[in-house]
Amino acid sequence: MHQYLKLYTGLIGLFLSISNIAQQKSVSPPSPVHPIPSPAQMKWHKMEMNAFIHFSINTFTDKEWGYGNESPQLFNPSALNTDQWASTLKETGFKTMIFTTKHHDGFCLWPSKYSNHTIKNSPYKNGRGNLVKEVSASSKKYGLHFGVYLSPWDRNRADYGTSSYINYYRNQLRELFSQYGPIVEMWFDGANGGDGFYGGANEKRKIDGATYYDWPTTIELVKKMQPSVLFFSDAGPDIRWVGNERGYVDETNWNTITTDTLFAGKAGIESLLGKGSPDGSQWVPAEVDVSIRPGWFWHESENDRVKTPEQLFDIYLSSVGRGSTLLLNIPPDKRGLLHENDVAALRGFKKILDREFAVNKAAGAKVTSSHIRGGHLSFAPKHVTDGKEETYWTTDDHITQASCTVELEQPTSIKYVVLQEYIPLGQRVKSLAVEVWKDGAWEKVATATTIGYKRILKINPVQTSKIRITIHDSKACPVISNLEVY
Ligand code: FUL
């Protein structure tokens, strides 16, 4: 009898909760706060860590910037193995390999038919080598995306500074984008014009960075060939430089910025690039580019100056942990291999990542909140711990201050709080605080400004059973998709 009663009350309970859900009128999701990321940018945000590979004639001349008069004969790696690059990067958590197909010295790492200053005139594979092809093939083999760096500044070309050079540059892009499979990111930098070989002229040439390259036409041409490629430069249009090469983005990091007045190499915009602007008219997220060594290219003298795993982890926290994507440069050595010291540093870094973020203590945890949009289950706070990217907690439109509280199953020591906004609806949060329940009261352990794609807050380790996130200010109702605790 007792059992029947249990079954009966259980069925009634089930019926009531089903009718409760059925009674919930549908509530529409918040409208996006524009600008918002494109689907390709969204994929890029999720990559989090990409790798840069600087490898060229400079590797053999021990220089950072070649003058442009180097003989292709100098390029002669003895044990080159792009599979070693790709497998190491894959193993240590990187998603993309961006390769210097041509640096400022003009030497091409593929046998471009538009130039003789290329790998075909080097001893490598008796002039039959094509490193762009090899890097692209190894990326594919190890499940990495492939990206290219093609320096606009070319210290080798006699016609640099005239309009025919622009044709040359565009022809090279045609080659790269039609022969080497999908390219996710195209990187061009701000170093433009200065002294160089220039076909023997040996002089200083100045260009007007705002107009000389006519970037809109070039970008259109490339996007016709590969519509989803993302362009990186100081000014985007898809990804912006972060304004420094030391491995951090500002703690306040808006993915939005107004690019109208920006161009690659424009002076004095570093701080703007590092922060973005809350009212920016385009979605142009910052990428943190930094080298594992002091230089971008390999130098024997820097073998003992490879960043330590701990330094790399700090860089991770101040890039990925502040809503940016990390682009870490690991330059192969003269053999054509990632050096043992660099490989050890990468492995040590991966070990720290795995250790620090081993178990998300908030996974599936109970969450309550001060507000729920339309009181509807689809927008309930439980979505921040459900591990799904497409669900989120949000409030009614006029609410820009709200809190949610995660209840852990048992008191545990915590050290990191990870937050993510649902950025397909735009970046919103401007200010927040994190508190933990300790000795019968709330104690503030962190404050922050923006969240964006991801914010990792490192706190002094503390024992607690409840964590409360309070959004103090937001451009519109906050939309939070994820909360993790480690
Ligand atoms: C800079 C270049 O001048 C450096 O040599 C390096 O390639 C770095 C990633 O971009 O603008």
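The values are calculated or read from the model by the stated rules, or taken from the named source; none is laboratory data. For clarity, every value in this text was computed on a predicted model and none was experimentally measured. Neighbour counts are summed over all protein chains in view; Cβ atoms, including those assigned to glycine, are modelled from backbone coordinates with ideal geometry. For the accessible areas, the whole protein counts, side chains as well, though only heavy atoms, and no ligand, DNA or RNA atoms are used. Shrake-Rupley method; radii C 1.70, N 1.55, O 1.52, S 1.80 Å.
Restricting to the range 22-56, name every residue that is within 16 Å of the ligand (Cβ to nearest atom) and either among the basic types (Lys, Arg) or assigned to a strand (DSSP E or B) (or both). Those that are within 16 Å of the ligand (Cβ to nearest atom) and either among the basic types (Lys, Arg) or assigned to a strand (DSSP E or B) (or both): ASN50, ALA51, PHE52, ILE53. Checking the stated criteria, VAL306 turns out not to satisfy the condition of being under 25 Å from ILE36 (Cα atoms) and either open to solvent by 70 Å² or more (accessible area, probe 1.4 Å) or among the aliphatic types (A, V, I, L, M) (or both).
Restricting attention to the range 406-425, which residues are within 31 Å of the chain's Cα centre (by Cα) and hydroxyl-bearing (Ser, Thr, Tyr)? Within the range 406-425, SER413, TYR416, TYR422 meet the criteria. If only residues of the range 245-269 that are at pLDDT 95 or above and either open to solvent by 10 Å² or more (accessible area, probe 1.4 Å) or aromatic (Phe, Trp, Tyr) (or both) are counted, the one that is nearest to the ligand (Cβ to nearest atom) is GLU245. Condition check: surrounded by 22 or more Cβ atoms within 10 Å (Cβ to Cβ), part of a helix (DSSP H, G or I) and either within 32 Å of the chain's Cα centre (by Cα) or assigned by TED's automatic domain parsing to the domain that holds MET47 (or both). Does VAL132 satisfy that? Judged against the criteria, VAL132 is a match. Checking GLY127, GLY68 one by one, the residue that is on the phi > 0 side of the Ramachandran plot, small (Gly, Ala, Ser) and either outside the structural domain of PHE349 (by TED's automatic domain parsing) or open to solvent by 10 Å² or more (accessible area, probe 1.4 Å) (or both) is GLY127 and no other.
Of all residues in the range 191-211, exactly one satisfies the criterion of being open to solvent by 40 Å² or more (accessible area, probe 1.4 Å) and aromatic (Phe, Trp, Tyr), namely PHE197. Of all residues in the range 61-85 being within 16 Å of the ligand (Cβ to nearest atom) and either in a loop (DSSP other than H, G, I, E, B) or under 20 Å from ILE292 (Cβ atoms) (or both), which is farthest from the chain's Cα centre (by Cα)? Top of the filtered list is GLU70.
In the range 393-403, is there at least one residue being surrounded by fewer than 21 Cβ atoms within 10 Å (Cβ to Cβ) and in a strand (DSSP E or B)? Yes, that holds for at least one residue. On the stretch given as the range 278-297, residues that are open to solvent by 20 Å² or more (accessible area, probe 1.4 Å) and in contact (Cβ under 8 Å) with a residue 12 or more places away in the chain total 5.
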